[in-house]
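Read the structure below first, then the notes.
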Amino acid sequence: MREVKSIDDKTYKMIKLIKSGDYSDVFIVENKKDNHKDNHKDNHKDIKLIGKQAKLIPEDSLKLLKKEYNYLLDINNKKCPHIIQVEGFVSGIDDYNREYGIILEEYAQGDTLIEFIDNLDQKISVETLYNYLNQLIEAIECFHSNHICNMDIKLDNIMFRDTDHKELVIIDFGLSKEYEQKYKENCNDLRNLAIVFKTLGEITDFGYRYKDRNNFILLIEEMFDNPDFDINKLKLNLN
Ligand SMILES: Nc1ncnc2c1ncn2[C@@H]1O[C@H](COP(=O)(O)OP(=O)(O)OP(=O)(O)O)[C@@H](O)[C@H]1O
Ligand SMILES: [Mg+2]
């Protein structure tokens, strides 16, 4: 398959298409240098990187992907938790001699939240739910305090870092923009997070704990409606 070179002279090879999203193709990538010794093409457990390439025409995709990469880099540098880690940005030349870009990033080996919900065979506990929500709140709080709004918080843009369903990571910053605290209503992250909360709330064993459940529903409704909603209020309530 296609090979691309990075600035520090490593050659990356796209070895397998794993997802074709609305806007991008996601490949498992190997660094050819690292993989001379042992060939783990069929052993994805050992492969740590994916490459994300946009589906749009190359000139636009290059610009958009670079923008996404820069947001991710910034958020990684600020050490925000529960965010996918970027490895680098590489570019290549396509068959029509046009430059295109690929974001190299950590391979999240678990499910997206949408896959998780679809494959679930028993409800999750309230403790597990609160744990997931706290992780997402921590992540969002961190990039908001660095003036970045994600603009695309949804179940398929959140994945489990590993197959043990413990740690969540936000993976997609393709629609991100600068965020000013005084224009809170222009950032839809809390509204979108409220929808994620609602869906996750439906897969818990909450049914037995009405008091918690009512409190929870009131909070997410308020969060959905109120752009000035204080996320700390939610944090306190979840602990
Ligand atoms: N770092 C990653 N590790 C593992 N899988 C990933 C990673 N990044 C993306 N994916 C997979 O590829 C899919 C598409 O990725 P992403 O959301 O970043 O692109 P997109 O084109 O914006 O997709 P869409 O518009 O469909 O949300 C994800 O839903 C996920 O299944
Ligand atoms: Mg996406």
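The values are calculated or read from the model by the stated rules, or taken from the named source; none is laboratory data. Remember, it's a predicted structure, so these values are computed and weren't measured experimentally. Neighbour counts run over all protein chains shown; Cβ positions are idealised from the backbone, glycine included.
Do we have any residue at all in segment 9-16 that's in contact with a helix residue (DSSP H, G or I) (Cβ under 6 Å, 6 or more places away or on another chain), at pLDDT below 75 and not assigned by TED's automatic domain parsing to the domain that holds His147?
no
Among the helices (runs of 4 or more DSSP H) contained in segment 143-239, which hold 2 or more residues that are within 17 Å of Glu115 (Cβ to Cβ)?
189-201
Which residue is modelled with the lowest pLDDT, if the candidates are limited to segment 100-131 and must be surrounded by fewer than 12 Cβ atoms within 10 Å (Cβ to Cβ) and among the acidic types (Asp, Glu)?
Among those residues, the one meeting the criterion is Glu127.
Out of segment 92-118, which residues are of a type in the set (S, T, N, Q) and within 22 Å of the chain's Cα centre (by Cα)?
Passing the criteria: Gln109, Thr112.
Which residues, taken from segment 57-82, are more than 19 Å from Val29 (Cβ to Cβ) and either part of a strand (DSSP E or B) or of a type in the set (Phe, Trp, Tyr) (or both)?
Tyr71
Starting from segment 148-174, take each residue that is more than 15 Å from ligand 2 (Cβ to nearest atom) and list its partners that are among the hydroxyl-bearing types (Ser, Thr, Tyr), counting only C-beta distances under 7 angstrom and pairs at least six apart or across chains.
Taking only residues 6 or more apart or on different chains, the pairs are Ile148/Tyr71; Ile148/Ser176; Ile148/Tyr179; Cys149/Ser176; Cys149/Tyr179.
Is at least one residue of segment 73-95 at pLDDT 95 or above, of a type in the set (Asp, Glu) and at negative phi?
Within segment 73-95, one or more residues are at pLDDT 95 or above, of a type in the set (Asp, Glu) and at negative phi.
Can you confirm whether Ala108 is touching a Pro at 6+ places or on another chain (Cβ under 7 Å) and within 16 Å of ligand 2 (Cβ to nearest atom)?
So Ala108 does not fit the description; no.
Quick check on segment 150-187: of everything there that is away from ligand 1 (no atom under 16 Å from the Cβ) and among the hydroxyl-bearing types (Ser, Thr, Tyr), which residue is surrounded by the fewest Cβ atoms within 10 Å (Cβ to Cβ)?
My answer is Tyr183.
Among the residues that make up segment 68-75, is at least one of them closer than 30 Å to Thr204 by Cα, surrounded by 14 or more Cβ atoms within 10 Å (Cβ to Cβ) and not charged (D, E, K, R)?
The answer is no; no qualifying residue exists.
Just to verify a result, which residue in segment 105-135, among those that are part of a helix (DSSP H, G or I) and within 16 Å of ligand 1 (Cβ to nearest atom), is nearest to Gln181 (Cα to Cα)?
The selected residue is Leu113.
Pairs, please: C-beta under 7 Å, at least 6 apart or cross-chain, first residue of a type in the set (D, E, K, R) and in segment 202-224, second at pLDDT below 85?
Asp212/Phe206; Arg213/Phe206
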